[in-house]
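Coordinate-derived values only; no laboratory data. Since the model is a prediction, treat every value here as computed from it, not as a measurement. Note that we place each Cβ from the backbone using ideal geometry, even for glycine, and neighbour counts take in every protein chain shown.
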Amino acid sequence: MQAVFGLYKPRSGDMRNGGGTLSKIGFAGVRMERAIDNHAYWGIEAAGATSGGVAGYAEYLFTAGTETSLWGDSLVVGTRAALGMGGGGDVSVGGGLLLKGGVYSTLRLTRDLGLTLEGGYTAAPQGRFRALHAAASLNWILDDPSDVTAPDRTTRTEWVGGVERYNAARRDGSVRSLQAVSLKVNRFVSPLIYLSGQAHSAYGGGAGGYSVGLIGLGLQAPLGSRVRVGAEGLIGAAGGGGVDTQGGAIAQPMAYVGVDVSRSVSLRVGAGRIKSLRHGPLNGNVIDFTLAFTFGVAGHGYR
């Protein structure tokens, strides 16, 4: 799993759909990869714009690549390609098809953590968007299916779905209630701490097309036999639907309490705040109601 932060540098003269030139575009996202063998892998990635005046731009891609280790496992070099869809934010991508290619190097910081630097080229064949890209990512190695010497273990994982509500600033200057559906995947890395990846999409409040992608860390602890309390620190990108996110970068800290209705299902209610990180007008209290499904994923231990 990788938390990715990067920058697009469009070609000189690249135009928006509505006219005007594109400037540098900052983006943030998440990528999850699965090893095929000791060198090849496949994965999926999603990212959204955080700066550059293209709030609402998002991309979703399938990726595959190959890599090799140098100096033991301390340094890894590789190349990858990605194919998927992108759009929004007035970026000229035509029908949405997006192609990406890059080379990268990963420095292993610990057995479980690595830092990756990547450079490459991104193009929308059906539109005018062409850009060099550079990205840095923090990698967390959750398990390694090729490491047959590692002991088997089961990792606690949660699928969480629900709805949320908050007052959202709009580009017309108004502030109105917004309702969104949410899907969250939580992967525990210790009995109390988990990594979270989340996608939110508006269904009410006159904000059709508004989407949010978040990543972060969470803490969850039992409070008695059936009650759990937790807190999350999340950052990501948001845009679309006429919501004024001032470039797209947001933070959303949350706290929640849950009641187990069975060994694998719990009901949760949470409260927090969503806020633009670029001093934009989006700044509202959040209330959410979710249903969580808990299960175990079998795998080998960390490398």
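Structure notes:
- Among Gly88, Gly18, Gly161: highest mean-square fluctuation, GNM of the chain, C-alpha pairs under 10 Å: Gly18
- A crude spin-label estimate for the pair Thr110 and His279, with each label 7 Å from Cα along the Cβ direction, gives 3.6 nm.
- Given +1 at the Cβ of Lys and Arg, -1 at the Cβ of Asp and Glu and no other charges, the dipole of the range 1-160 around its Cα centre is 680 debye to the nearest 20.
- Cα-centre dipole for the chain with unit charges at Cβ (Lys and Arg positive, Asp and Glu negative), debye to 20: 660 debye
- Dipole orientation for the range 165-303: of the candidates Gly209, Asn167, Leu277, Leu277 has the Cα lying most toward the positive pole (charges on Cβ; Lys, Arg +1; Asp, Glu -1).
- The alpha carbon radius of gyration of the range 153-300, expressed as a multiple of 2.2 N^0.38 Å, is 1.08.
- Total charge dipole magnitude, the range 153-300, about the Cα centre, Cβ charges on Lys, Arg, Asp, Glu only, Debye to nearest 20: 180 debye
- Distance between the C-alpha centres of the range 70-113 and the range 1-35: 12 Å, rounded to the whole angstrom.
- Residue order, fewest to most surrounding Cβ atoms within 10 angstrom, among Phe27, Phe62: Phe62, Phe27
- Taking Lys24, Lys100, Lys275 and counting other C-beta atoms within 10 Å, the order from fewest to most: Lys24, Lys275, Lys100
- Take the Cα radius of gyration of the chain and divide it by 2.2 N^0.38 Å, N being the number of residues; the result is 1.04.
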